[in-house]
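Every number in this text was worked out from the coordinates using simple rules, so none of it is lab data. If you're wondering where the values come from, they're calculated on a predicted model, not measured in any experiment. Quick reminder, even Gly has a Cβ in these numbers, built from the backbone with ideal geometry, and neighbours come from all protein chains shown.
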Protein chains: 2
Amino acid sequence: MKISQKGLYALQAMMMLARHYNQGAIRIRDIAYEEELPEKFLELILLELKNARLVESVRGAKGGYQLRRPPSEIRLSEVIRLIDGPLAPFGDAEQLRSLIDRDAEHRALYQVFLDVRNAAAKILESTSIADIANPSPKPRQRRGKKTQPGVLPMLVQNASRN
Amino acid sequence: MKISQKGLYALQAMMMLARHYNQGAIRIRDIAYEEELPEKFLELILLELKNARLVESVRGAKGGYQLRRPPSEIRLSEVIRLIDGPLAPFGDAEQLRSLIDRDAEHRALYQVFLDVRNAAAKILESTSIADIANPSPKPRQRRGKKTQPGVLPMLVQNASRN
DNA sequence: CTAGAAGTCTATTAATTAAATAGACTTTAT
DNA sequence: ATAAAGTCTATTTAATTAATAGACTTCTAG
């Protein structure tokens, strides 16, 4: 799997929306400005994220984008698969399994590819947007108990990253 | 990291040469035929493998290619890095480390990318060409003690694949 | 010692993908 | 009604990928 510039932009946009979760719709312009992304390109990316129902839009004046689910319930793998395709380094998991079954000569090679994809999937499916979006850009007006940044309610935690 | 068609061809060629290790130089044509690879394209790939000193060539009549080291001492990561570049899903390990140091906003994201590249590196650096090349295509004229296919003298063995 | 077999090198091409950019259109708050 | 904002379609440019072509060099065998 290769993460393109576009894929990186998508992840950055999602992180920004996570930081502003529950603050209403955020304009494309503001996302682009805060993350320093090309505005017109970002527009297309957000459309894709919307069609995949990861974000939702509000049209018209006062419109913008927001996450459709809490950041802790959006996995990095969802965003990456959408924008950059399968996590496998070659083909996709299904293809690889089929090749392992049918191509005796190269079975072991494809099995290695599948191992690599499984290792990547394990990480990217157990890391959420909340895990990587720093709580708030301006660390002001934080009332209530400080939520620890990396807490993942439903996903397995990778201890090595804390 | 994405493995291209070219990268797959390179790995297949290396596997074929591994099967014919210690049988002298093998002609491009024979590699292409046995692995069903486009001959002219394979030629360019072998040139690259030669420049990287993974294989060596014999020119002129009776010429061809052979591995420069025993198959058990050639890691998949060497071939993949040569043909398809860094193992990281974005940029390379050095860049990622630098971004983790300098870009506080996106540190955690780049750390995940680095985790993914480390997981891939672990697998691909501990698997050798010998591990994946089936011993010999025609199981004929095998004199001496049968060498077990997957034995890796210097590399850590991944038990799950045997 | 020369003919042919084989690798070497450079260039070109066609197709695809990546990364934008442009502009007209639609929806909605005020 | 107007302006702000998302939507949609098309176009462009550059890079990459996957190959193909052909002239050149080296070496072995006869």
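Table for the structure above
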item: Copies compared at A:SER98 - label distances in nm, ascending, label defined 7 Å from Cα in the Cβ direction; result: 4.2
item: Ascending list, in nanometres, of distances separating the B:GLU39 label from those of the other copies (7 Å, Cα toward Cβ); result: 5.8
item: FRET efficiency for A:ALA61 and A:ASN134, using Cβ-Cβ distance with R0 set to 22 Å, rounded to 0.05; result: 0.15
item: B:THR127 long-range amide H proximity, modeled H, under 5 Å; result: B:LEU76, B:SER77
item: Gain in span if fully extended, A:ARG97 to A:LEU47, counting 0.36 nm per residue against the direct Cα distance; result: 14.7 nm
item: Partner chain coverage, peptide A:76-89 - average Cβ within 10 angstrom; result: 2
item: Restraint check, B:LYS2/B:LYS40; A:LYS6/B:LYS122; B:LYS2/B:LYS62; A:LYS2/B:LYS40, Cα-Cα greater than 31 Å; result: B:LYS2/B:LYS62
item: 7 Å along Cα→Cβ, label-point gaps from B:GLN5 to other copies, nm, shortest first; result: 2.5
item: Environment charge of A:ALA120, counting only residues whose C-beta is closer than 13 Å and scoring Lys/Arg +1, Asp/Glu -1; result: +3
item: Under 13 Å, Cβ to Cβ, from B:LEU46 - net charge with Lys/Arg +1 and Asp/Glu -1; result: +2
item: Relative contact order of segment A:1-107, pairs being alpha-carbon contacts under 8 Å that are 6 or more residues apart, as %; result: 32
item: Exercise: per-residue mean of other protein chain Cβ atoms within 10 Å, A:114-127; result: 4
